[in-house]
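The values are calculated or read from the model by the stated rules, or taken from the named source; none is laboratory data. These numbers were taken from a predicted model, which means no experiment stands behind them. Cβ sites come from the backbone with ideal geometry, for glycine too, and all protein chains shown count toward neighbours.
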Amino acid sequence: MTSLPRPPQVPSSSPFGVFFEMARDPLAFMANAPGRGPVVRVRIGRESLVFVSEPELLHEVLLGRASELVKDRITQRLNETLGNGLLTSEGDFWRRQRKLMAPMFNRTHLTGYATTMVERTLAAGEGWASGEVREVHADMMTLTLDIIMRTVFGAELQGDEATQMGHAIEVMMESFERELRTWRRFVPKSWLVFERRKLHEARSTLDRIVGRLIAEKRAGGATGDDVVSRLLAARADDGSAMSDAQVRDEAVTMVVAGHETTALVVTFVGRLLAEHPAVRSRMHEELETVLGGRVPTLEDMPRLTFTKAVALEAMRLYPPAYIIGRQVQAPLELGGHQLLEGDQIMVCMWHLHRSARWFEEPLAFRPERWLDGLHERLPNHVYMPFGGGPRICIGQHFAMMEILLCLAALHQRWQWEALPGQSWELSPAVTLRPRHGWRAKVTARATV
């Protein structure tokens, strides 16, 4: 092992390594740095980041050697707000939780949520006026939060709790990005008194609201079909149940990760369709043919092939989960190179999804590319909107069902026209999101 070379390093004369280059334009950096070789190392201060982009090596990182790696250092800090849920937990505890929760996300259990998803989507549009200008990302965040509260908790939020939860999530996202892209990355957490206080307040907000909902479920016997009721009723092999604190961590993780990513996909689709009217017309034709003017249902999903292709293409160009990381626990060999304890392995979907090696005209919005079996022809771990390996998103089937049903219900009745002069700057924080939102004119469509 000691005779193996370290991965080739992107040169930098700064004591901060490539930090300023990466902070200035992280997406451009992530699009280019991994393309310099199958295993490429960069330095950010004392941190060593290793970008991996070869499918065989990605398979090794995400699957073959998954038990030897843990989540990267930055992701681990999410536990300050999310707690010890599936996203941040490790080892035997993670395996126990994953096994307990997997049945809750199989296709049989998920089918019961389809009606709720469509009903809430239709309800969201009832307050819109044809011709008005709306902040689409904010609308989609409100919609998907409503859906996930009803499916995860089987309940509605009270008063201004939706606003409070939204604010708490925004605080977490903004804090995460500041830690990635500013001087905060290099100082002890104990120095960040104001930042810690804001995160503590955000967590307290989530604890209070989610705690109330869990207590109500517990008091009512937890007999519903929602996810929290199933979490409370779940039993491990030894007969033990989850504590309320662990149910809280899993529920908060699902709320934060689940509604944010779906809202982003639906927002990105809206913008892409506004920019590509021919694609939008083709999708509208499919909706009219398949639905005939009626409300979409779960049974319609297999026939919405072009709508699904639009969603897959939006997630290729704008993957909400744009990068994932793993931390090396003990020295190991990867691709003929030595990785050391503490190295941060980065798997960048932003780079992979936009690579000319795998996709013809990689920067073009071409949903039709997914209609001829491309998904089956691609190597494993090249197209990964939900991650890969044993830690692939447990809610991927839930998310795809929600995305397709929301898109069908929304675009059957409405279309969006982009306003000129808007910035489309993207903010790579926990997820990839439009920094300034997206305002568009919403127009009612005549349905069959």
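For this structure, a couple of remarks:
- Residue 260 falls short on exactly one of the conditions (1) part of a helix (DSSP H, G or I); (2) under 26 Å from the mean Cα position of the chain (by Cα); (3) more than 30 Å from residue 121 (Cα to Cα), and that condition is (3).
- Restricting the search to helices (runs of 4 or more DSSP H) fully inside segment 348-448 and requiring at least 2 residues that are in contact with a Leu (Cβ under 7 Å, 6 or more places away or on another chain) and in the same structural domain as residue 88 (by TED's automatic domain parsing) gives 396-413.
- Total residues in segment 126-155, condition under 30 Å from residue 211 (Cβ atoms) and part of a helix (DSSP H, G or I): 17
- Selection within segment 213-249: residues that are of a type in the set (S, T, N, Q) and surrounded by fewer than 14 Cβ atoms within 10 Å (Cβ to Cβ). The member of this set that is nearest to residue 83 (Cα to Cα) is 243.
- Test: residue in segment 19-32 that is farther than 20 Å from residue 319 by Cα and touching a Gly at 6+ places or on another chain (Cβ under 7 Å): yes
- The lone criterion from (1) in a helix (DSSP H, G or I); (2) closer than 26 Å to residue 122 by Cβ; (3) at pLDDT below 95 left unmet by residue 293 is number (1).
- For the residues 144, 115, the requirement of being in the same structural domain as residue 242 (by TED's automatic domain parsing) and crowded, with 19+ Cβ neighbours inside 10 Å singles out 144.
- Here residue 339 meets the list (1) assigned by TED's automatic domain parsing to the domain that holds residue 22; (2) under 27 Å from residue 430 (Cα atoms); (3) touching a Ser or Thr at 6+ places or on another chain (Cβ under 8 Å) almost entirely, failing just condition (3).
- Total residues in segment 15-41 satisfying the condition of being within 18 Å of residue 341 (Cβ to Cβ) and β-branched (Val, Ile, Thr): the figure is 1.
- Residues satisfying the stated conditions in segment 156-205, i.e. assigned to a loop (DSSP other than H, G, I, E, B) and either in contact with an Asp or Glu (Cβ under 9 Å, 6 or more places away or on another chain) or not β-branched (Val, Ile, Thr) (or both): 156, 157, 158, 159, 160, 188, 192
- The number of residues in segment 17-43 being small (Gly, Ala, Ser), over 23 Å from residue 59 (Cβ atoms) and touching a residue at least 60 places away in the same chain (Cβ under 8 Å) comes to 1.
- Residue ID - nearest to residue 430 (Cα to Cα), chosen from residues in segment 42-59 that are crowded, with 20+ Cβ neighbours inside 10 Å and not aliphatic (A, V, I, L, M): 51
- So residue 361, is it modelled with pLDDT of 95 or more, touching a strand residue (DSSP E or B) at 6+ places or on another chain (Cβ under 9 Å) and loosely packed, with under 13 Cβ neighbours inside 10 Å: no
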